[in-house]
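Read through the structure below, which is laid out as structure tokens, and then see the notes.
Every read-out reported here was derived from the displayed coordinates using simple, explicitly stated rules and does not represent laboratory data. Predicted model, so just to flag it, every value in this text is computed and none were measured. Virtual Cβ from ideal backbone geometry, glycine too; neighbours counted across all protein chains shown.
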Amino acid sequence: MKITIISGSHRNPSQSEKVARYIEKILQQEHGLDTWLYALADNPLPLWDQSLWEDNLEWNERLAPIREQLTTSDGFVIVTPEWHGQAPAGLKNFFLLFNRFELGHKPAMIVAVSSADGGSYPVAELRMSSYKNNRICYIPEQVIVRNVEKVLNDKAEDNDQEADAYFRERIRWSLGILKAYAGAMKPMRDSAQVHHDKFGNGM
Ligand SMILES: Cc1cc2nc3c(=O)[nH]c(=O)nc-3n(C[C@H](O)[C@H](O)[C@H](O)COP(=O)(O)O)c2cc1C
């Protein structure tokens with residue numbers, strides 16, 4: 001089973017990527033899963049343009065290796081910082097570039113990141129407006145890593161001990177739920193006509 005982790009911050013380095021790397025480690029070491037981590041640091045993907053829908057060679061070559069990784073994934077962790085009360089533009093662009101054949105009917109867990117006590121707005125935004133056509137399935141469990149600079153650091157002295165222990169336990173447990181959804185949803189995809197030429201987009 002393979003889980004892909006998307007780190008949605010354009011910053012390099014970023015707290016989101018720190019959290020994404022921690023999640024990757026737990027998925028590998030404690031849940032025994034294959035992983036792929038894709039960071040949107042420094043904006044590796046150009047903004048969507050019309051030629052994407054015109055079988056453009058440059059787009060196809062650029063996206064092919066990423067499509068391959070997403071298509072072979074059984075589930076996703078979407079790590080999003082809260083930036084001015086929103087998910088970053090690069091992450092929304094990601095959802096314009098990839099579609100139901102890569103993401104459709106696969107479970108995804110949202111992990112929001114805030115340097116203070118924010119983080120709920122991008123959760124609401126992703127749940128409302130990032131799934132319609134690609135049919136990614138956000139699971140009910142989510143994690144909001146508040147005061148992120150004080151948790152999940154390698155050096156124990158950089159962490160707020162109590163908060164750090166809480167988030168480590170919570171993330172580990174939540175990833176177990178995601179793993180169970182990923183296992184349960186593969187037979188679901190195999191047992192139904194999940195792709196329909198006439199109904200390519202959600203309503
Ligand atoms: C452009 C920008 C806007 C931000 N706006 C918010 C915000 O609205 N709410 C919040 O809790 N944190 C906000 N932050 C702080 C982030 O929570 C903080 O940078 C945190 O480390 C997560 O972002 P990162 O993954 O890019 O590091 C903002 C950061 C940036 C760079």
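Under the combined filter of DSSP loop state and at most 11 neighbouring Cβ atoms within 10 Å, the range 114-203 retains these trypsin sites (Lys or Arg not before Pro): 155, 198. Taking a sphere under 15 Å around the Cβ of residue 86 and counting the other residues whose Cβ falls inside, with K and R at +1 and D and E at -1, yields a net charge of +1. Counted by Cβ distance under 14 Å from residue 141, the other residues give a net charge of +3, where Lys and Arg count +1 and Asp and Glu count -1. Under the combined filter of DSSP loop state and at most 12 neighbouring Cβ atoms within 10 Å, the range 149-203 retains these chymotrypsin sites (Phe, Trp or Tyr not before Pro): 199. When the chain is treated as a GNM with alpha-carbon contacts under 10 Å, the residue of 183, 75, 104 showing the greatest mean-square fluctuation is 183. Projecting label points 7 angstrom from Cα along Cα→Cβ for residue 133 and residue 173 puts them 3.9 nm apart. Within the range 1-144, DSSP assigns beta bridges of which about 5% are antiparallel (rounded to the nearest 5).
Counting only Cα atoms, the size of the range 20-77 along its three principal axes is 43, 24, 14 Å, in decreasing order. Counting only alpha carbon atoms, the long axis of helix 120-129 and the longest principal axis of the chain meet at about 10°. Computed from Cα atoms alone, the Kirkwood hydrodynamic radius reported for the range 46-203 is 17.2 Å. Computed from backbone phi, the HN-Hα couplings of the range 54-68 come to 10, 6, 6, 4, 4, 4, 4, 5, 5, 8, 3, x, 6, 4, 4 Hz, rounded to whole numbers (Karplus: 6.51 cos²θ - 1.76 cosθ + 1.60, θ = phi - 60°; Gly and Pro given as x).
From helices alone, the chain scores -13500 deg cm²/dmol at 222 nm; the rule is -39500 (n - 2.57) for each run of n ≥ 4 DSSP H residues, then divide by the residue total. Between residue 58 and residue 72, the distance separating the two model label sites (each 7 Å from Cα on the Cα→Cβ line) works out to 2.8 nm. Look at the dipole of the range 1-122 built from charges on Cβ: of 6, 59, 116, the Cα furthest out on the positive end belongs to 116. Rounded, prolate or oblate, given the Cα gyration tensor of the range 36-110, with a/c below 1.5 counting as rounded? Oblate shape, in that a/c is at least 1.5 and b/c is the bigger or equal ratio. Taking amide hydrogens as placed 1.01 Å from N in the peptide plane, the amide H of residue 37 sits under 5 Å from those of 5, each at least 5 positions away in sequence or on another chain.
Remark: the range 11-159 carries a charge dipole of roughly 380 debye about the Cα centre, counting +1 on each Lys and Arg Cβ and -1 on each Asp and Glu Cβ. Between residue 189 and residue 149, the modelled labels are 4.0 nm apart [label points 7 Å from Cα along Cα→Cβ]. Taking amide H as placed 1.01 Å from N in the peptide plane, the amide H of residue 11 sits under 5 Å from that of 42, each at least 5 places away or on another chain.
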